[in-house]
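Written below as C-alpha coordinates is the structure these notes are about.
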Amino acid sequence: ILAVVASLVNLGFSGAPTAPPKKAVVENSSGVTPGGLCGSWVKDSDGGIFTSPNYPEKYPPDRECIYIIEASQRQCIDLYFDEKYAIEPSWECKFDHIEVRDGPFSFSPIIGRFCGQESPNYVRSSGRYLWLKFVADGELESTGFSARYNFTQDPEFKDIGVPPPLPICEFEMSGPEGIVESVMVAKEGKALQTEAVDCRWFIRAPPGSKIYLRFLDYEMQNSNECKRNFVAVYDGSSSVEHLKNKFCSTVANDVMLLTSLGVIRMWADETSRRSRFRILFTTFHEPPCGGDAFFCHSNMCINRTLVCNGIQNCVYPWDENGCKEKRKATILDSLDNTNVTIIGVTCGVVIILLTVSIIIQIKQPRKKYIIRRDEFDPTLLHEAFEPPHYELCTLRQATSSDDEVLPEDFPKLQRTSSKCIHGHHCGSGVSSTRGSRSDLSLRDAAAILSEMEASAQSQFPMQATPTGRRNILVMKHSYSHDGAEECDLDDELYDGPTTSHGRSAMDRTVHRSISNDF
(Lines give C-alpha, C1' and ligand atoms only; values in the text may rest on other atoms or scores of the structure.)
Protein backbone atom coordinates (compact mmCIF):
# COMPACT_ATOMS: atom_id res chain seq x y z
CA ILE A 1 0.00 0.00 0.00
CA LEU A 2 2.84 2.36 0.88
CA ALA A 3 4.43 1.69 -2.51
CA VAL A 4 1.22 2.51 -4.33
CA VAL A 5 0.77 5.74 -2.37
CA ALA A 6 4.36 6.80 -3.05
CA SER A 7 3.96 6.23 -6.77
CA LEU A 8 0.79 8.34 -6.82
CA VAL A 9 2.52 11.16 -4.97
CA ASN A 10 5.43 11.14 -7.39
CA LEU A 11 3.03 11.20 -10.30
CA GLY A 12 1.25 14.24 -8.85
CA PHE A 13 4.45 16.21 -8.40
CA SER A 14 5.78 15.34 -11.83
CA GLY A 15 2.56 16.52 -13.54
CA ALA A 16 0.37 14.93 -16.20
CA PRO A 17 2.08 13.82 -19.44
CA THR A 18 1.92 16.47 -22.17
CA ALA A 19 -0.07 15.76 -25.34
CA PRO A 20 1.84 15.56 -28.64
CA PRO A 21 1.87 18.90 -30.53
CA LYS A 22 -0.78 19.31 -33.15
CA LYS A 23 0.17 20.03 -36.73
CA ALA A 24 -0.73 23.55 -37.73
CA VAL A 25 -3.44 23.72 -40.38
CA VAL A 26 -2.87 26.44 -42.94
CA GLU A 27 -5.58 27.47 -45.37
CA ASN A 28 -4.34 27.41 -48.96
CA SER A 29 -5.93 28.37 -52.25
CA SER A 30 -6.61 24.84 -53.51
CA GLY A 31 -10.26 24.16 -54.20
CA VAL A 32 -12.92 22.26 -56.10
CA THR A 33 -15.83 23.19 -58.36
CA PRO A 34 -18.69 22.84 -57.70
CA GLY A 35 -18.17 23.10 -53.99
CA GLY A 36 -19.93 20.54 -51.75
CA LEU A 37 -20.78 18.17 -54.63
CA CYS A 38 -17.37 16.76 -55.41
CA GLY A 39 -16.29 14.85 -52.33
CA SER A 40 -14.21 15.96 -49.40
CA TRP A 41 -11.08 18.11 -49.30
CA VAL A 42 -8.69 18.43 -46.38
CA LYS A 43 -5.91 21.04 -46.61
CA ASP A 44 -2.82 21.72 -44.53
CA SER A 45 0.43 23.63 -44.87
CA ASP A 46 2.24 20.70 -46.52
CA GLY A 47 -0.55 19.50 -48.80
CA GLY A 48 -3.92 17.82 -48.43
CA ILE A 49 -6.30 15.02 -49.37
CA PHE A 50 -9.32 15.06 -51.68
CA THR A 51 -11.66 12.34 -52.96
CA SER A 52 -14.32 11.65 -55.55
CA PRO A 53 -18.01 12.12 -54.53
CA ASN A 54 -19.25 9.52 -52.02
CA TYR A 55 -15.87 7.86 -51.74
CA PRO A 56 -15.37 4.96 -50.77
CA GLU A 57 -18.91 4.33 -52.05
CA LYS A 58 -19.81 4.52 -55.73
CA TYR A 59 -19.79 7.98 -57.23
CA PRO A 60 -23.09 9.34 -58.57
CA PRO A 61 -23.81 9.45 -62.34
CA ASP A 62 -23.63 12.56 -64.50
CA ARG A 63 -21.12 14.39 -62.41
CA GLU A 64 -18.22 16.65 -63.40
CA CYS A 65 -15.80 18.01 -60.83
CA ILE A 66 -12.74 20.22 -61.25
CA TYR A 67 -9.92 20.21 -58.67
CA ILE A 68 -7.19 22.82 -58.77
CA ILE A 69 -4.17 22.49 -56.51
CA GLU A 70 -1.99 25.51 -55.85
CA ALA A 71 1.33 25.50 -54.06
CA SER A 72 3.19 28.43 -52.59
CA GLN A 73 5.75 30.45 -54.51
CA ARG A 74 8.85 28.52 -55.59
CA GLN A 75 7.18 25.17 -54.86
CA CYS A 76 5.78 22.32 -56.92
CA ILE A 77 3.21 19.57 -56.29
CA ASP A 78 3.58 15.81 -55.82
CA LEU A 79 0.32 13.90 -56.37
CA TYR A 80 -0.38 10.28 -55.25
CA PHE A 81 -3.50 8.12 -55.79
CA ASP A 82 -4.47 5.48 -53.20
CA GLU A 83 -4.52 1.83 -54.18
CA LYS A 84 -8.26 1.62 -53.63
CA TYR A 85 -9.10 3.00 -57.01
CA ALA A 86 -11.80 2.03 -59.53
CA ILE A 87 -13.22 4.04 -62.47
CA GLU A 88 -15.29 2.66 -65.36
CA PRO A 89 -12.82 1.38 -67.94
CA SER A 90 -13.16 2.41 -71.61
CA TRP A 91 -11.09 2.74 -74.77
CA GLU A 92 -8.87 5.80 -74.37
CA CYS A 93 -10.95 6.65 -71.28
CA LYS A 94 -13.69 8.30 -73.35
CA PHE A 95 -16.35 7.81 -70.69
CA ASP A 96 -15.60 8.01 -66.95
CA HIS A 97 -12.08 9.30 -66.37
CA ILE A 98 -9.67 11.59 -64.51
CA GLU A 99 -7.78 14.22 -66.52
CA VAL A 100 -4.64 15.83 -65.07
CA ARG A 101 -3.00 18.99 -66.53
CA ASP A 102 0.18 20.79 -65.60
CA GLY A 103 -1.13 24.24 -64.80
CA PRO A 104 -4.16 26.09 -63.49
CA PHE A 105 -6.38 26.00 -66.61
CA SER A 106 -8.26 23.52 -68.76
CA PHE A 107 -5.95 24.39 -71.65
CA SER A 108 -2.73 23.81 -69.71
CA PRO A 109 -0.43 21.01 -70.97
CA ILE A 110 -2.02 17.64 -70.35
CA ILE A 111 -0.18 15.08 -68.19
CA GLY A 112 -2.55 12.16 -68.67
CA ARG A 113 -6.08 10.74 -68.72
CA PHE A 114 -6.74 7.78 -66.37
CA CYS A 115 -9.49 5.16 -65.87
CA GLY A 116 -9.90 1.43 -65.09
CA GLN A 117 -8.89 -0.56 -62.04
CA GLU A 118 -5.21 0.31 -61.90
CA SER A 119 -4.14 3.33 -59.91
CA PRO A 120 -2.25 6.03 -61.84
CA ASN A 121 1.42 6.51 -61.29
CA TYR A 122 3.03 9.27 -59.32
CA VAL A 123 2.37 12.73 -60.83
CA ARG A 124 4.51 15.83 -60.32
CA SER A 125 3.88 19.34 -61.55
CA SER A 126 6.49 21.52 -63.20
CA GLY A 127 5.20 24.57 -61.36
CA ARG A 128 2.91 25.54 -58.57
CA TYR A 129 -0.38 24.39 -60.14
CA LEU A 130 -2.17 21.15 -61.03
CA TRP A 131 -5.56 21.01 -62.72
CA LEU A 132 -7.72 17.83 -62.41
CA LYS A 133 -11.15 16.99 -63.80
CA PHE A 134 -13.27 14.00 -62.83
CA VAL A 135 -16.04 13.03 -65.29
CA ALA A 136 -18.80 10.42 -64.70
CA ASP A 137 -21.43 9.59 -67.34
CA GLY A 138 -24.87 8.20 -66.73
CA GLU A 139 -23.95 4.51 -66.63
CA LEU A 140 -21.72 2.05 -64.72
CA GLU A 141 -20.61 3.85 -61.63
CA SER A 142 -17.60 2.66 -59.56
CA THR A 143 -15.79 3.36 -56.31
CA GLY A 144 -13.85 6.35 -57.47
CA PHE A 145 -10.54 7.60 -56.11
CA SER A 146 -8.73 9.18 -53.21
CA ALA A 147 -5.63 11.35 -53.77
CA ARG A 148 -3.17 13.16 -51.60
CA TYR A 149 -0.68 15.85 -52.53
CA ASN A 150 2.43 17.39 -51.00
CA PHE A 151 4.24 20.67 -51.61
CA THR A 152 7.96 20.35 -52.25
CA GLN A 153 10.78 22.68 -53.15
CA ASP A 154 10.94 23.62 -56.80
CA PRO A 155 14.25 22.31 -58.20
CA GLU A 156 14.67 25.50 -60.18
CA PHE A 157 14.97 27.50 -56.95
CA LYS A 158 16.88 24.98 -54.82
CA ASP A 159 19.93 27.25 -54.61
CA ILE A 160 17.92 30.04 -53.03
CA GLY A 161 17.19 28.10 -49.90
CA VAL A 162 14.25 28.83 -47.70
CA PRO A 163 12.50 31.93 -49.07
CA PRO A 164 11.83 34.73 -46.62
CA PRO A 165 8.22 35.42 -45.67
CA LEU A 166 6.35 37.60 -48.10
CA PRO A 167 5.04 41.00 -46.97
CA ILE A 168 1.30 41.49 -46.63
CA CYS A 169 0.15 43.30 -49.76
CA GLU A 170 -3.60 43.78 -50.23
CA PHE A 171 -5.76 46.64 -51.54
CA GLU A 172 -9.49 47.35 -51.43
CA MET A 173 -11.13 49.29 -54.26
CA SER A 174 -14.70 50.22 -55.25
CA GLY A 175 -16.70 52.81 -57.17
CA PRO A 176 -18.05 53.16 -60.73
CA GLU A 177 -14.49 53.15 -62.08
CA GLY A 178 -10.91 53.11 -60.90
CA ILE A 179 -7.29 52.41 -61.79
CA VAL A 180 -5.36 49.41 -60.51
CA GLU A 181 -1.64 49.73 -61.06
CA SER A 182 1.52 48.09 -59.85
CA VAL A 183 3.11 51.35 -58.67
CA MET A 184 0.69 51.40 -55.76
CA VAL A 185 2.89 48.82 -54.04
CA ALA A 186 5.80 51.24 -53.79
CA LYS A 187 3.65 54.34 -53.24
CA GLU A 188 1.91 52.89 -50.20
CA GLY A 189 5.02 51.19 -48.85
CA LYS A 190 3.70 47.66 -49.02
CA ALA A 191 7.08 46.18 -49.91
CA LEU A 192 10.65 47.17 -50.64
CA GLN A 193 11.95 47.23 -54.18
CA THR A 194 14.28 44.31 -53.37
CA GLU A 195 11.52 42.08 -51.97
CA ALA A 196 9.37 39.56 -53.79
CA VAL A 197 5.69 40.47 -53.71
CA ASP A 198 2.41 38.57 -53.95
CA CYS A 199 -0.14 41.38 -53.99
CA ARG A 200 -3.92 41.24 -54.37
CA TRP A 201 -6.39 43.98 -55.33
CA PHE A 202 -10.02 43.29 -54.32
CA ILE A 203 -12.53 45.19 -56.49
CA ARG A 204 -16.03 45.28 -55.06
CA ALA A 205 -19.00 46.33 -57.21
CA PRO A 206 -22.58 46.96 -56.02
CA PRO A 207 -24.70 43.81 -55.58
CA GLY A 208 -25.98 42.47 -58.87
CA SER A 209 -23.30 44.36 -60.84
CA LYS A 210 -20.38 43.07 -62.85
CA ILE A 211 -16.86 44.30 -63.55
CA TYR A 212 -15.10 45.07 -66.82
CA LEU A 213 -11.27 45.17 -66.77
CA ARG A 214 -9.29 46.88 -69.52
CA PHE A 215 -5.49 46.82 -69.60
CA LEU A 216 -3.96 50.24 -70.21
CA ASP A 217 -0.35 49.17 -69.70
CA TYR A 218 1.30 45.80 -69.26
CA GLU A 219 4.89 44.54 -69.32
CA MET A 220 6.57 41.61 -67.58
CA GLN A 221 10.27 41.96 -66.87
CA ASN A 222 10.84 38.20 -67.31
CA SER A 223 8.44 37.57 -70.14
CA ASN A 224 7.05 34.01 -70.52
CA GLU A 225 8.48 32.98 -67.16
CA CYS A 226 5.33 32.49 -65.13
CA LYS A 227 7.27 31.17 -62.14
CA ARG A 228 8.96 34.55 -61.74
CA ASN A 229 6.22 37.05 -62.61
CA PHE A 230 2.58 37.05 -63.67
CA VAL A 231 -0.71 38.92 -63.33
CA ALA A 232 -3.76 36.79 -62.54
CA VAL A 233 -7.47 37.71 -62.54
CA TYR A 234 -10.01 35.94 -60.33
CA ASP A 235 -13.79 36.08 -60.61
CA GLY A 236 -15.59 35.70 -57.26
CA SER A 237 -12.70 35.04 -54.87
CA SER A 238 -8.94 34.59 -54.76
CA SER A 239 -9.24 30.78 -54.73
CA VAL A 240 -7.62 28.95 -57.55
CA GLU A 241 -10.92 27.48 -58.73
CA HIS A 242 -12.06 31.05 -59.49
CA LEU A 243 -8.99 31.86 -61.56
CA LYS A 244 -10.21 33.55 -64.74
CA ASN A 245 -7.03 34.49 -66.60
CA LYS A 246 -3.32 34.50 -66.01
CA PHE A 247 -0.87 36.66 -67.98
CA CYS A 248 2.88 36.24 -68.00
CA SER A 249 3.78 36.72 -71.67
CA THR A 250 3.91 39.90 -73.78
CA VAL A 251 0.16 40.45 -74.26
CA ALA A 252 -2.74 40.90 -71.83
CA ASN A 253 -6.37 40.91 -72.95
CA ASP A 254 -9.40 42.64 -71.46
CA VAL A 255 -11.44 40.56 -69.00
CA MET A 256 -15.20 40.56 -68.31
CA LEU A 257 -16.06 39.31 -64.82
CA LEU A 258 -19.47 37.78 -64.10
CA THR A 259 -19.61 38.50 -60.36
CA SER A 260 -19.46 41.60 -58.22
CA LEU A 261 -16.09 40.67 -56.76
CA GLY A 262 -12.92 40.73 -58.80
CA VAL A 263 -9.41 39.98 -57.62
CA ILE A 264 -6.23 41.01 -59.40
CA ARG A 265 -3.09 39.28 -58.26
CA MET A 266 0.48 40.11 -59.08
CA TRP A 267 3.43 37.87 -58.33
CA ALA A 268 6.98 39.13 -58.91
CA ASP A 269 10.12 37.69 -57.38
CA GLU A 270 13.26 39.65 -56.52
CA THR A 271 14.45 39.60 -60.12
CA SER A 272 11.12 40.80 -61.59
CA ARG A 273 10.21 43.87 -59.61
CA ARG A 274 10.28 46.04 -62.73
CA SER A 275 7.23 44.20 -64.06
CA ARG A 276 4.33 46.61 -64.31
CA PHE A 277 0.66 46.83 -65.25
CA ARG A 278 -2.15 49.36 -65.24
CA ILE A 279 -5.78 48.28 -65.39
CA LEU A 280 -8.99 50.33 -65.65
CA PHE A 281 -11.99 48.73 -63.96
CA THR A 282 -15.58 49.76 -64.67
CA THR A 283 -18.62 48.46 -62.81
CA PHE A 284 -21.81 47.91 -64.82
CA HIS A 285 -25.08 46.04 -64.84
CA GLU A 286 -27.05 44.43 -67.61
CA PRO A 287 -29.92 46.20 -69.44
CA PRO A 288 -32.45 47.65 -69.08
CA CYS A 289 -30.60 50.84 -68.22
CA GLY A 290 -32.13 53.36 -65.82
CA GLY A 291 -32.19 57.12 -66.10
CA ASP A 292 -28.79 57.53 -64.46
CA ALA A 293 -27.14 54.87 -66.66
CA PHE A 294 -25.68 54.93 -70.15
CA PHE A 295 -26.16 52.05 -72.59
CA CYS A 296 -22.86 50.90 -74.09
CA HIS A 297 -24.37 48.75 -76.89
CA SER A 298 -22.40 45.76 -75.52
CA ASN A 299 -24.87 44.54 -72.91
CA MET A 300 -23.49 47.07 -70.45
CA CYS A 301 -25.10 49.93 -68.54
CA ILE A 302 -22.50 52.19 -66.96
CA ASN A 303 -22.84 55.23 -64.74
CA ARG A 304 -23.74 58.33 -66.76
CA THR A 305 -20.98 60.32 -65.05
CA LEU A 306 -18.47 58.26 -67.04
CA VAL A 307 -19.72 59.60 -70.39
CA CYS A 308 -17.35 62.02 -72.14
CA ASN A 309 -14.80 61.87 -69.33
CA GLY A 310 -11.89 61.30 -71.72
CA ILE A 311 -11.57 57.61 -70.80
CA GLN A 312 -13.11 54.69 -72.66
CA ASN A 313 -15.21 52.79 -70.12
CA CYS A 314 -17.27 50.72 -72.57
CA VAL A 315 -15.91 47.79 -74.52
CA TYR A 316 -16.28 49.97 -77.61
CA PRO A 317 -15.88 53.76 -77.35
CA TRP A 318 -19.61 54.54 -77.40
CA ASP A 319 -19.27 56.66 -74.28
CA GLU A 320 -16.68 58.95 -75.92
CA ASN A 321 -18.22 59.31 -79.39
CA GLY A 322 -19.66 62.71 -80.24
CA CYS A 323 -17.95 64.44 -77.34
CA LYS A 324 -16.47 67.86 -77.87
CA GLU A 325 -12.77 68.01 -77.25
CA LYS A 326 -11.83 70.02 -74.20
CA ARG A 327 -10.00 73.09 -75.39
CA LYS A 328 -6.89 74.25 -73.66
CA ALA A 329 -7.13 77.16 -71.27
CA THR A 330 -6.22 80.47 -72.92
CA ILE A 331 -5.32 83.90 -71.59
CA LEU A 332 -8.94 84.97 -71.95
CA ASP A 333 -9.94 82.42 -69.32
CA SER A 334 -7.68 84.12 -66.75
CA LEU A 335 -9.05 87.64 -67.23
CA ASP A 336 -10.98 89.20 -64.36
CA ASN A 337 -13.26 92.24 -64.24
CA THR A 338 -10.38 94.65 -63.65
CA ASN A 339 -8.45 93.45 -66.67
CA VAL A 340 -11.55 93.61 -68.85
CA THR A 341 -12.23 97.19 -67.72
CA ILE A 342 -8.68 98.35 -68.50
CA ILE A 343 -8.76 96.72 -71.93
CA GLY A 344 -12.17 98.27 -72.70
CA VAL A 345 -11.09 101.83 -71.74
CA THR A 346 -7.88 101.53 -73.77
CA CYS A 347 -9.77 100.33 -76.84
CA GLY A 348 -12.26 103.19 -76.47
CA VAL A 349 -9.51 105.84 -76.36
CA VAL A 350 -7.84 104.35 -79.42
CA ILE A 351 -11.12 104.36 -81.35
CA ILE A 352 -11.77 108.01 -80.45
CA LEU A 353 -8.29 109.07 -81.59
CA LEU A 354 -8.70 107.22 -84.87
CA THR A 355 -12.07 108.89 -85.49
CA VAL A 356 -10.65 112.37 -84.85
CA SER A 357 -7.71 111.78 -87.18
CA ILE A 358 -10.02 110.59 -89.95
CA ILE A 359 -12.23 113.70 -89.60
CA ILE A 360 -9.18 115.99 -89.77
CA GLN A 361 -7.97 114.30 -92.91
CA ILE A 362 -11.37 114.70 -94.54
CA LYS A 363 -11.61 118.43 -93.73
CA GLN A 364 -8.18 119.33 -95.13
CA PRO A 365 -8.05 120.38 -98.86
CA ARG A 366 -6.62 117.83 -101.12
CA LYS A 367 -3.61 118.53 -103.32
CA LYS A 368 -3.92 117.90 -107.02
CA TYR A 369 -1.16 116.04 -108.69
CA ILE A 370 -0.42 115.65 -112.38
CA ILE A 371 0.00 112.07 -113.23
CA ARG A 372 2.82 111.55 -115.67
CA ARG A 373 3.18 108.49 -117.73
CA ASP A 374 6.36 106.64 -117.00
CA GLU A 375 6.21 104.47 -120.06
CA PHE A 376 6.80 106.26 -123.34
CA ASP A 377 8.88 105.80 -126.48
CA PRO A 378 11.53 108.55 -126.84
CA THR A 379 11.76 107.89 -130.59
CA LEU A 380 8.22 109.17 -131.04
CA LEU A 381 9.34 112.54 -129.70
CA HIS A 382 12.57 112.66 -131.64
CA GLU A 383 11.70 115.80 -133.51
CA ALA A 384 10.65 117.60 -130.34
CA PHE A 385 13.71 116.65 -128.30
CA GLU A 386 16.22 116.36 -131.13
CA PRO A 387 15.54 119.23 -133.56
CA PRO A 388 17.04 118.90 -137.05
CA HIS A 389 20.17 120.65 -138.27
CA TYR A 390 19.52 123.74 -140.29
CA GLU A 391 21.97 125.30 -142.67
CA LEU A 392 21.65 128.89 -143.57
CA CYS A 393 23.35 129.91 -146.76
CA THR A 394 23.14 133.19 -148.71
CA LEU A 395 23.81 133.58 -152.32
CA ARG A 396 24.19 136.94 -153.78
CA GLN A 397 24.29 137.21 -157.51
CA ALA A 398 24.79 140.45 -159.33
CA THR A 399 23.76 140.96 -162.85
CA SER A 400 26.25 142.21 -165.32
CA SER A 401 26.29 143.23 -168.84
CA ASP A 402 26.29 140.53 -171.39
CA ASP A 403 29.73 141.44 -172.55
CA GLU A 404 31.48 141.06 -169.20
CA VAL A 405 33.63 138.05 -168.76
CA LEU A 406 33.51 136.02 -165.61
CA PRO A 407 36.59 135.73 -163.52
CA GLU A 408 38.77 132.71 -164.08
CA ASP A 409 38.42 131.55 -160.52
CA PHE A 410 34.67 131.72 -160.64
CA PRO A 411 34.13 127.96 -161.03
CA LYS A 412 36.45 127.37 -158.11
CA LEU A 413 34.61 129.94 -156.11
CA GLN A 414 31.38 128.42 -157.15
CA ARG A 415 32.41 124.95 -156.07
CA THR A 416 34.02 125.90 -152.82
CA SER A 417 31.59 128.55 -151.81
CA SER A 418 29.12 125.98 -150.61
CA LYS A 419 31.26 125.26 -147.61
CA CYS A 420 29.94 126.40 -144.29
CA ILE A 421 31.65 129.19 -142.55
CA HIS A 422 32.55 127.06 -139.57
CA GLY A 423 32.95 123.35 -139.63
CA HIS A 424 30.62 122.71 -136.72
CA HIS A 425 27.75 124.46 -138.52
CA CYS A 426 27.33 121.52 -140.86
CA GLY A 427 27.81 118.88 -138.20
CA SER A 428 31.54 118.17 -138.36
CA GLY A 429 33.30 115.68 -136.14
CA VAL A 430 33.78 118.25 -133.43
CA SER A 431 30.17 119.27 -133.43
CA SER A 432 29.01 115.68 -133.46
CA THR A 433 31.21 114.90 -130.48
CA ARG A 434 29.57 117.75 -128.65
CA GLY A 435 26.18 116.60 -129.67
CA SER A 436 25.81 118.99 -132.75
CA ARG A 437 24.33 121.63 -130.56
CA SER A 438 24.88 125.38 -130.43
CA ASP A 439 24.05 128.10 -128.01
CA LEU A 440 23.08 130.52 -130.84
CA SER A 441 19.54 131.69 -130.91
CA LEU A 442 17.52 132.71 -133.95
CA ARG A 443 18.12 136.39 -133.25
CA ASP A 444 21.89 135.84 -133.17
CA ALA A 445 21.71 133.95 -136.43
CA ALA A 446 19.84 136.84 -138.11
CA ALA A 447 22.44 139.34 -136.87
CA ILE A 448 25.30 137.27 -138.24
CA LEU A 449 23.58 136.99 -141.62
CA SER A 450 23.16 140.77 -141.78
CA GLU A 451 26.84 141.36 -141.06
CA MET A 452 27.89 138.87 -143.71
CA GLU A 453 25.67 140.50 -146.26
CA ALA A 454 27.12 143.95 -145.52
CA SER A 455 30.67 142.71 -145.80
CA ALA A 456 29.90 141.06 -149.13
CA GLN A 457 28.53 144.29 -150.56
CA SER A 458 31.63 146.21 -149.50
CA GLN A 459 33.94 143.72 -151.17
CA PHE A 460 31.96 143.53 -154.41
CA PRO A 461 30.38 146.91 -155.10
CA MET A 462 27.76 146.66 -157.78
CA GLN A 463 25.00 148.65 -159.19
CA ALA A 464 22.36 146.14 -158.45
CA THR A 465 18.87 146.49 -159.68
CA PRO A 466 15.85 144.82 -158.18
CA THR A 467 15.87 142.47 -161.13
CA GLY A 468 19.57 142.16 -161.64
CA ARG A 469 20.37 140.97 -158.08
CA ARG A 470 18.89 138.17 -156.20
CA ASN A 471 19.38 137.23 -152.62
CA ILE A 472 18.68 133.63 -151.86
CA LEU A 473 18.37 132.28 -148.37
CA VAL A 474 18.46 128.54 -148.40
CA MET A 475 17.61 126.49 -145.35
CA LYS A 476 18.45 122.92 -145.58
CA HIS A 477 17.90 120.54 -142.71
CA SER A 478 19.28 117.18 -142.01
CA TYR A 479 18.48 114.65 -139.25
CA SER A 480 21.94 113.22 -139.29
CA HIS A 481 23.68 113.12 -135.91
CA ASP A 482 27.16 112.45 -137.13
CA GLY A 483 27.63 115.97 -138.54
CA ALA A 484 29.93 114.68 -141.29
CA GLU A 485 27.79 115.90 -144.19
CA GLU A 486 28.71 119.01 -146.13
CA CYS A 487 26.37 121.50 -147.63
CA ASP A 488 26.41 121.44 -151.39
CA LEU A 489 24.04 124.11 -152.60
CA ASP A 490 25.78 125.28 -155.75
CA ASP A 491 24.65 122.33 -157.75
CA GLU A 492 21.08 123.13 -156.85
CA LEU A 493 21.33 126.87 -157.34
CA TYR A 494 23.53 126.95 -160.37
CA ASP A 495 21.60 126.46 -163.55
CA GLY A 496 24.63 126.40 -165.86
CA PRO A 497 27.41 128.61 -167.04
CA THR A 498 26.54 132.25 -167.54
CA THR A 499 26.77 133.50 -171.03
CA SER A 500 28.97 136.41 -171.74
CA HIS A 501 26.29 138.26 -173.60
CA GLY A 502 23.62 137.66 -170.91
CA ARG A 503 25.57 138.89 -168.01
CA SER A 504 28.59 140.97 -167.22
CA ALA A 505 30.74 141.34 -164.18
CA MET A 506 28.65 138.93 -162.17
CA ASP A 507 30.00 138.37 -158.77
CA ARG A 508 28.74 135.45 -156.90
CA THR A 509 29.41 135.15 -153.25
CA VAL A 510 28.16 132.34 -151.22
CA HIS A 511 28.19 132.68 -147.53
CA ARG A 512 27.56 129.92 -145.24
CA SER A 513 25.79 131.08 -142.16
CA ILE A 514 25.59 128.71 -139.21
CA SER A 515 24.12 125.45 -138.34
CA ASN A 516 21.98 125.65 -135.27
CA ASP A 517 19.89 123.07 -133.53
CA PHE A 518 16.48 124.20 -132.64
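Below are the figures for this structure:
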| quantity | calculated |
| --- | --- |
| Segment 85-202 shape via C-alpha gyration tensor axes, a/c threshold 1.5 | prolate |
| Pair residue 186, residue 259: separation of 7 Å Cα→Cβ label points (nm) | 3.3 |
| Restricting segment 212-308 to trypsin sites (Lys or Arg not before Pro) in coil, as DSSP defines it, with at most 13 other Cβ within 10 Å | 274 |
| Over 32 Å (Cα to Cα) - which of 58/158; 187/246; 58/210 fall in this group | 58/158; 58/210 |
| Simple spin-label estimate for residue 166 and residue 297 in nanometres, 7 Å along Cα-Cβ | 4.2 |
| Tensor-based shape of segment 123-190 (alpha-carbon gyration tensor, a/c under 1.5 rounded, otherwise prolate or oblate) | oblate |
| FRET efficiency, residue 289 to residue 323 (Cβ-Cβ, R0 22 Å, nearest 0.05) | 0.75 |
| Extended-chain gain in nm, criterion 0.36 nm per residue less alpha-carbon gap, residue 49 and residue 278 | 78.6 nm |
| HN-Hα J in Hz across segment 277-291 - Karplus 6.51, -1.76, 1.60, θ = phi - 60°, x for Gly and Pro | 7, 8, 10, 9, 10, 9, 8, 8, 9, 6, x, x, 8, x, x |
| Sites residue 331 and residue 80 - FRET efficiency at Förster radius 45 Å, r taken between beta-carbons, to 0.05 | 0.05 |
| From phi via Karplus (6.51, -1.76, 1.60), per-residue ³J(HN,Hα) for segment 262-272 in Hz, x at Gly/Pro | x, 10, 10, 10, 10, 10, 8, 7, 4, 8, 10 |
| At R0 = 45 Å, FRET efficiency that the Cβ-Cβ distance of residue 140 and residue 223 yields, to 0.05 | 0.40 |
| Cα gyration tensor category, rounded, prolate or oblate, for segment 239-334 with a/c compared to 1.5 | oblate |
| Residue 244 long-range amide H proximity, modeled H, under 5 Å | 233, 234, 235 |
| Amide H partners (placed H, <5 Å) of residue 39, local residues excluded | 54 |
| Accessible area per residue in Å² at 1.4 Å probe, computed on segment 92-141 | 49 |
| Fraction of accessible area attributable to carbon and sulfur, segment 258-308 (%, probe 1.4 Å) | 53 |
| Å² of accessible area per residue within segment 170-320, as computed with a 1.4 Å probe and no ligands counted | 45 |
| Those GluC sites (Glu not before Pro) in segment 258-354 that DSSP places in a loop and that have at most 16 other beta carbons within 10 Å | 270, 325 |
| Amide hydrogen neighbours beyond the local backbone of residue 216, cut-off 5 Å, H modeled | 278, 279, 280 |
| GluC sites (Glu not before Pro) restricted to segment 53-108 and DSSP loop, no more than 16 other C-beta within 10 Å | 57, 83 |
| Phi to ³J(HN,Hα) by Karplus 6.51 cos²θ - 1.76 cosθ + 1.60 over segment 128-142, Hz, x for Gly, Pro | 9, 10, 9, 10, 10, 9, 10, 10, 10, 7, x, 9, 6, 7, 9 |
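The values are calculated or read from the model by the stated rules, or taken from the named source; none is laboratory data. In this text, all values refer to a predicted model and were calculated from it rather than measured experimentally. Here Cβ is always computed from backbone atoms with ideal geometry, including for glycine, and neighbour counts include all displayed protein chains. Ligands, DNA and RNA are excluded from the accessible area calculation, which covers all protein heavy atoms including side chains. Shrake-Rupley method; radii C 1.70, N 1.55, O 1.52, S 1.80 Å.
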